[in-house]
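Here the structure is laid out as C-alpha cells; the discussion comes afterwards.
The values are calculated or read from the model by the stated rules, or taken from the named source; none is laboratory data. Since we're looking at a predicted model, the values are computed, not measured. Reconstructed Cβ throughout: ideal geometry from the backbone, glycine too, with neighbour counts over all protein chains shown. In case anyone asks, the SASA skips ligands and DNA or RNA and just uses the protein heavy atoms, side chains included. Shrake-Rupley method; radii C 1.70, N 1.55, O 1.52, S 1.80 Å.
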Amino acid sequence: MQENPSYGDVIEDILQYFKDQIDYARSQGIADEQILIDPGIGFGKTVEHNYRIIKDLRQFTLLGFPVVVGASRKSFIGKTLDLPVGERLEGSLAVAALSIWNGAAVLRVHDVKETKEAISMVDAIRNAGMTG
C-alpha cells in the first residue's frame, strides 16, 4: 500500500473519492448523520501527502461532514523526526493541534490526556476575544 502511492493531486483525488462514496452511501439509505470523513493519514500516502492533508484539512470540511484524523504515532511522524513509535508524543501532539485548528472534529489518539491538554490550548487561542 505504501510502496508507490500515486495521486494526481492528493487533496482533489481524495475529495472526489469522498463525493462518490457519500453519493453511494446515501443511495444505500445511510443517513448523513452517520457519515464521517477520514482522509486516511498514513494509508497509501507518502510523508508529503500526509503533510498536505493536514495542511489542507479544511477542504474536507467543505463536504459538510465531521472530519476524523488518526495520525497519532504514525510513521510519517517517525520519519520526519527520526523517532521510534514510542517517542512520537510531541510530533503527535503537533499534528493533533494542527488538525483541530484546520477543521478536524474527531481525533483518534493514543495519548488521551496529553492530547486533550494540547487541544484545550488550541481552543483557548481560537476562541480568544470572542467573549468580550
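Scanning the stretch 15-57 for residues that are β-branched (V, I, T) and in contact with a strand residue (DSSP E or B) (Cβ under 9 Å, 6 or more places away or on another chain) gives I22, I37, I41, I53, I54. Restricting the search to helices (runs of 4 or more DSSP H) fully inside the stretch 22-126 and requiring at least 2 residues that are more than 14 Å from the chain's Cα centre (by Cα) and touching a residue at least 24 places away in the same chain (Cβ under 8 Å) gives 75-81, 112-126. Among residues of the stretch 7-21 that are over 14 Å from T61 (Cβ atoms), those with a Cβ under 8 angstrom from a residue that is among the β-branched types (V, I, T), sequence gap 6+ or separate chain, pair up as Y7/I14; V10/I53. Kindly establish whether D82 is acidic (D, E) and either within 30 Å of D32 (Cβ to Cβ) or modelled with pLDDT under 95 (or both). Considered against the rule, which asks whether it is acidic (D, E) and either within 30 Å of D32 (Cβ to Cβ) or modelled with pLDDT under 95 (or both), D82 comes out as no. Out of everything in the stretch 20-75 that is in contact with an Asp or Glu (Cβ under 9 Å, 6 or more places away or on another chain) and under 23 Å from V112 (Cβ atoms), what residue ends up being most open to solvent (accessible area, probe 1.4 Å)? If we take residues in the stretch 20-75 being in contact with an Asp or Glu (Cβ under 9 Å, 6 or more places away or on another chain) and under 23 Å from V112 (Cβ atoms), then R73 is most open to solvent (accessible area, probe 1.4 Å).
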